[in-house]
Amino acid sequence: EAGVAQSPRYKIIEKRQSVAFWCNPISGHATLYWYQQILGQGPKLLIQFQNNGVVDDSQLPKDRFSAERLKGVDSTLKIQPAKLEDSAVYLCASSLAGGGNEQFFGPGTRLTVL
Amino acid sequence: GENVEQHPSTLSVQEGDSAVIKCTYSDSASNYFPWYKQELGKRPQLIIDIRSNVGEKKDQRIAVTLNKTAKHFSLHITETQPEDSAVYFCAASDGGYQKVTFGTGTKLQVIP
């Protein structure tokens, strides 16, 4: 079984630039999560999709972050414009259905904003 | 919303000793409590989980206990080995389609 795929693995940008991350979940997983993990901290949920609908985005900074999951499969997370404090690892995870199931994480994208 | 607190933030033990990590949660509706292990530079991976209809669950050297009344749950690792060194995260969810809230993590160091 293929795992959760993410790209790119690393990205370095200047502040005020834009960046986009891509995630392909495990086949058949209805729930997809985007987390932000700052060094030394636990993953912070940014947005959770159930199929192509948003379940929770209460911690997504909507003035600069956006995410979509077209057709209930792949997802993209965008930051526009980026700030220094956005430097972090962005983890995508998927689960069969909902938070009551094991989450499988992708390798993450390490973003550095200069 | 749910708030998960985790202690201690760092823990050093001698190889062969036991390690205990504790978490508390605030939402009485939470009924699913997973534990994830994250090795340096790697992704988090589930090591054990427990649901609220069970008080304790074991898997070889790892066990998790849950006290619903007190709203706390703990991870117990016995006979620790150097490969147990990692950051461990607890989490809580209501098991439905609501979000999973993670604790702040415990960095465990097993000294050979």
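The values are calculated or read from the model by the stated rules, or taken from the named source; none is laboratory data. Computed from a predicted model, the values in this text were never measured in an experiment. Note that each Cβ is placed from the backbone with ideal geometry, even for glycine, and that neighbours are counted across all protein chains shown.
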Worksheet item: In the range B:1-46, which strands (runs of 3 or more DSSP E) lie fully inside it and hold 1 or more residues that are within 22 Å of A:Val55 (Cα to Cα)?
Response: B:4-7, B:19-25, B:32-38
Worksheet, complete the sentence: Considering the range B:10-28, residues that are surrounded by 13 or more Cβ atoms within 10 Å (Cβ to Cβ) and within 14 Å of another protein chain (Cβ to nearest Cβ), and then whichever is farthest from B:Ala63 (Cα to Cα), we arrive at B:Asp27
Discussion item. Go through the range A:34-45 and report how many residues are surrounded by 20 or more Cβ atoms within 10 Å (Cβ to Cβ) and at pLDDT below 95.
Written reply: 4
Discussion item. Taking the condition of being at negative phi and surrounded by fewer than 19 Cβ atoms within 10 Å (Cβ to Cβ), how many residues in the range A:59-88 meet it?
Written reply: 18
Practice prompt. Give the residue that is surrounded by the most Cβ atoms within 10 Å (Cβ to Cβ), with candidates limited to residues of the range B:66-112 that are charged (D, E, K, R) and within 8 Å of chain A (Cβ to nearest Cβ).
Written response: B:Lys99
Item to complete: Specify the residue that is nearest to the other protein chains (Cβ to nearest Cβ); the eligible residues are those in the range A:89-102 that are out of contact with any Leu (no Cβ under 7 Å at 6 or more places or on another chain) and either β-branched (Val, Ile, Thr) or under 14 Å from B:Tyr36 (Cβ atoms) (or both).
Response: A:Gly99
Worksheet entry | Scope the range B:51-70; condition touching a strand residue (DSSP E or B) at 6+ places or on another chain (Cβ under 7 Å), within 23 Å of B:Val87 (Cβ to Cβ) and among the charged types (D, E, K, R); matching residues | B:Lys57, B:Asp59, B:Arg61
Discussion item. On the basis of being part of a loop (DSSP other than H, G, I, E, B), under 25 Å from A:Tyr33 (Cβ atoms) and either free of Cβ contacts under 8 Å to residues at least 24 places away in the same chain or over 11 Å from the mean Cα position of the chain (by Cα) (or both), does B:Lys107 make the cut?
Written reply: no
Response to the item:
Being within 18 Å of B:Gln45 (Cα to Cα), free of Cβ contacts under 8 Å to residues at least 60 places away in the same chain, more than 14 Å from every other protein chain (Cβ to nearest Cβ) and not polar (S, T, N, Q) narrows A:Ala20, A:Ala2 down to just A:Ala2
Worksheet, complete the sentence: Pairs returned, first residue in the range B:53-70 that is within 13 Å of B:Ser28 (Cα to Cα), second residue that is in a strand (DSSP E or B), beta-carbon separation under 6 angstrom, 6 or more apart or interchain, are B:Leu66/B:Ile50; B:Leu66/B:Phe73
